[in-house]
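Q: First, the structure itself, so that you have it in front of you.
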Amino acid sequence: DAAKEYTYVTPIVAIGSGAADACTTGYANTAVGTNALANNIIGYKCVAVGEAALIADVASNNTGVGYGALTANTTGGANTAVGCDAGKAITDVAYNAFFGYQAGGGTTGGYNVFVGGRAGGAGSNTSAMNTVIGYNAGYSMGSTAGSSNCVIIGANAGLDHSNSAHRNTSVGVNAGDA
């Protein structure tokens, strides 16, 4: 029953139970996996690969690869998440790039780049305009209030980055860890 509601003339690819099920006028979409891109009605140029990847998405130009990648995204566009649960809390912001297991998993802000397993991944926060690279780097950054304009590079760097930290740079293993 993949793409069961599809009515537009431009082709889409839908493979898996519930994949692109709600798509009616969206175009140039690819959905592979159970419930991948399941609720996207009008969005276009999206790629969802993995169970529940982009399941809530109704926007355009998003890529989610991995179980639960960008699973909560609704109206945010131009986001890319590769990894299990990468970018899973994003809902309505744009221009994020998450690469790695749970990378950016709790972030709800835009314009971020998180690379590495659990990079920038804890809690719910509004962190924006950050570059975080490394395993666990910036894991708790702004776990409630959010941090912005930070550069954190290295395994466990900025691991316990404080709330509302802005314009900080931490480079090296465990750098900036409390």
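Q: Suppose we keep only residues that are assigned to a loop (DSSP other than H, G, I, E, B) and modelled with pLDDT of 90 or more within segment 150-178. Which one would you say is surrounded by the most Cβ atoms within 10 Å (Cβ to Cβ)?
A: Within segment 150-178, the match that is surrounded by the most Cβ atoms within 10 Å (Cβ to Cβ) is Ala157.
Q: Identify the residue in segment 8-37 that is among the small types (Gly, Ala, Ser) and open to solvent by 40 Å² or more (accessible area, probe 1.4 Å) and, among all such residues, is modelled with the highest pLDDT.
A: For segment 8-37, the residue satisfying everything is Ser17.
Q: Okay, next question. Which residues, counting only those in segment 96-128, are of a type outside the set (Gly, Ala, Ser), under 15 Å from Met141 (Cβ atoms) and part of a loop (DSSP other than H, G, I, E, B)?
A: If the condition is that a residue be of a type outside the set (Gly, Ala, Ser), under 15 Å from Met141 (Cβ atoms) and part of a loop (DSSP other than H, G, I, E, B), then Asn96, Gln102, Thr108, Tyr111, Asn112, Arg118, Thr126 are the ones that fit.
Q: Do you know which residues across segment 38-78 are more than 16 Å from Thr107 (Cβ to Cβ), aliphatic (A, V, I, L, M) and crowded, with 22+ Cβ neighbours inside 10 Å?
A: Ala38, Ala48, Val49, Ala52, Ala53, Leu54, Ile55, Ala59, Val65
Q: Is there a residue in segment 85-105 that is more than 24 Å from Ser148 (Cα to Cα) and either open to solvent by 20 Å² or more (accessible area, probe 1.4 Å) or in contact with a Leu (Cβ under 7 Å, 6 or more places away or on another chain) (or both)?
A: No - not one qualifying residue is present in segment 85-105.
Q: Here is a further query. List pairs: first in segment 19-38 and under 13 Å from Gly64 (Cα atoms), second crowded, with 24+ Cβ neighbours inside 10 Å and among the β-branched types (Val, Ile, Thr), Cβ under 6 Å, 6+ apart or cross-chain?
A: Asn35/Ile55; Ala38/Ile55
Q: Could you figure out which of (1) surrounded by fewer than 24 Cβ atoms within 10 Å (Cβ to Cβ); (2) farther than 30 Å from Ala155 by Cβ; (3) modelled with pLDDT of 95 or more isn't true of Asp1?
A: (3)
Q: Return the residues of segment 114-129 that are open to solvent by 20 Å² or more (accessible area, probe 1.4 Å), of a type in the set (A, V, I, L, M) and closer than 18 Å to Asn156 by Cβ; say none if nothing qualifies.
A: Val115
Q: Given (1) modelled with pLDDT under 95; (2) under 25 Å from Asp160 (Cβ atoms), identify the lone condition not met by Thr91.
A: Checking Thr91 against (1) modelled with pLDDT under 95; (2) under 25 Å from Asp160 (Cβ atoms), the one that fails is (2).
The values are calculated or read from the model by the stated rules, or taken from the named source; none is laboratory data. Worth saying up front: this structure is predicted, and the values here are computed from it rather than measured. Note that we place each Cβ from the backbone using ideal geometry, even for glycine, and neighbour counts take in every protein chain shown. The area values use the complete protein model at the heavy-atom level, side chains included, leaving out ligands, DNA and RNA. Shrake-Rupley method; radii C 1.70, N 1.55, O 1.52, S 1.80 Å.
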